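Trainee: The structure that follows is given in the form of structure tokens.
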Amino acid sequence: MSGFGGGFDNGGDTPSRGGGSSDGAKPRRNYDEQTLIPVTARMVHSALGDPSGGTDLTLSDGRPLHMVKLVAAVRNHEERSTNVFIDVEDGTGLVSVKVWVNEGDECSAAAALRRDAATDHTYIRVIGQVREFDGQRQIVANDVRPVSSGNELTYHLLEVAHSYEKHLRMQSDAATGMGMGMGMGMGVGIGKMASVAPPRGGMGMGAQGYGGGPGVGSGLDDAIIQVIKTMGPNSGSGIHVDEITAQVASQGYSAMEIKNVINNLSNEGHIYSTIDENHYQYAE
């Protein structure tokens, strides 16, 4: 056990080891519920449980806690035949990360990243889903790798704050937009405006997303996701951006448009990078 920081609410005790999630078969979540949320260990532990007794978790600000990203220091790790448990802390608390080992099904580069991440006293980046087993919350990782530089921890903490502020801003803008939409609807029919169709865009901003690109569920989004879902199972290292572009460009999209949407899908947690930032797999 190493001494990264101290003063945690849970006293730094190692979480109990669960054999896995007790979740049964569940219907596929909506896109909005799969957004990748940057979090701290404290946010994972303080998330609110489902009052109906289900397995869904919700942050205190109302965001559903599904796919998360965490950057933290490795305190301890335990290797098993089928999985690896990694205890990490980030200055706010301690959380356990479970990484499944798929011998023979993963490429050598992905296996090397996993081994490098399971090293005490190093900082790692984790992308995965929050699960609860025997009363203990853990992150079941889709991707785990050592950080590329010390700046990644600082950037992650800034991203946590930015994500929270963006959520509050979107809630405020949605409320404002609803009021504006009602006002505009009541104005239609006055004078010459009755014969003028509302311009495309404008109040339709929500369909395009705040990033200015195609929104989730658009034709380009769906095309990229379909390519990765179709080709991904046959590639342990993920699908290269160039392969995705070659498959999708024939539908009339430019390489720049495709690259931008890939980045958006990755940021929102629909896909995730594997051996590097140019290879992607679909986030189930």
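The values are calculated or read from the model by the stated rules, or taken from the named source; none is laboratory data. For clarity, every value in this text was computed on a predicted model and none was experimentally measured. Virtual Cβ from ideal backbone geometry, glycine too; neighbours counted across all protein chains shown. Ligands, DNA and RNA are excluded from the accessible area calculation, which covers all protein heavy atoms including side chains. Shrake-Rupley method; radii C 1.70, N 1.55, O 1.52, S 1.80 Å.
Trainee: If I ask for residues that are within 20 Å of K69 (Cβ to Cβ) and open to solvent by less than 10 Å² (accessible area, probe 1.4 Å), which ones from the range 252-274 would you list?
Mentor: V261, I262, L265, G269, H270, I271, S273
Trainee: Would you check which residues across the range 226-254 are among the β-branched types (V, I, T), touching a helix residue (DSSP H, G or I) at 6+ places or on another chain (Cβ under 7 Å) and over 15 Å from E277 (Cβ atoms) and list them?
Mentor: V227, V248, listed by residue number.
Trainee: Given the condition touching a helix residue (DSSP H, G or I) at 6+ places or on another chain (Cβ under 7 Å) and in contact (Cβ under 8 Å) with a residue 12 or more places away in the chain, answer yes or no: does some residue in the range 158-167 qualify? Give the steps one after another, and end with the answer.
Mentor: So the first thing to find is which residues in the range 158-167 are touching a helix residue (DSSP H, G or I) at 6+ places or on another chain (Cβ under 7 Å), and the list is none.
Checked the range 158-167: no residue is touching a helix residue (DSSP H, G or I) at 6+ places or on another chain (Cβ under 7 Å) and in contact (Cβ under 8 Å) with a residue 12 or more places away in the chain.
Trainee: If you don't mind, there's one more thing I want to ask. I want to confirm something. Restricting to the range 275-284 and keeping residues that are out of contact with any helix residue (DSSP H, G or I) (no Cβ under 6 Å at 6 or more places or on another chain) and closer than 16 Å to S108 by Cβ, which single residue is most open to solvent (accessible area, probe 1.4 Å)?
Mentor: Checked the range 275-284; the qualifying residue most open to solvent (accessible area, probe 1.4 Å) is D276.
Trainee: Here is a further query. Go through the range 238-251 and report how many residues are open to solvent by less than 50 Å² (accessible area, probe 1.4 Å), over 13 Å from I271 (Cα atoms) and of a type in the set (G, A, S).
Mentor: 1
Trainee: Modelled with pLDDT under 50 and farther than 21 Å from R125 by Cβ, is that true of G187?
Mentor: Working: modelled with pLDDT under 50: yes; farther than 21 Å from R125 by Cβ: yes.
The answer is yes for G187.
Trainee: Hey, can you tell me all the residues within the range 69-113 that are open to solvent by 10 Å² or more (accessible area, probe 1.4 Å) and basic (K, R)?
Mentor: Listed by number, the residues that qualify are K69, R75, R80.
Trainee: State all residues of the range 44-90 that are acidic (D, E) and not in a strand (DSSP E or B); if no residue qualifies, say none.
Mentor: Quick first cut of the range 44-90, residues acidic (D, E) only: 50, 56, 61, 78-79, 87, 89-90.
Within the range 44-90, D50, D56, D61, D90 meet the criteria.
Trainee: Have a look at D134, D116, D120 and point out the one that is more than 24 Å from H45 (Cα to Cα) and either touching a residue at least 40 places away in the same chain (Cβ under 8 Å) or surrounded by fewer than 20 Cβ atoms within 10 Å (Cβ to Cβ) (or both). Can you show your working first?
Mentor: Working: D134 fails: more than 24 Å from H45 (Cα to Cα); D120 fails: more than 24 Å from H45 (Cα to Cα).
Residue meeting the stated conditions: D116.
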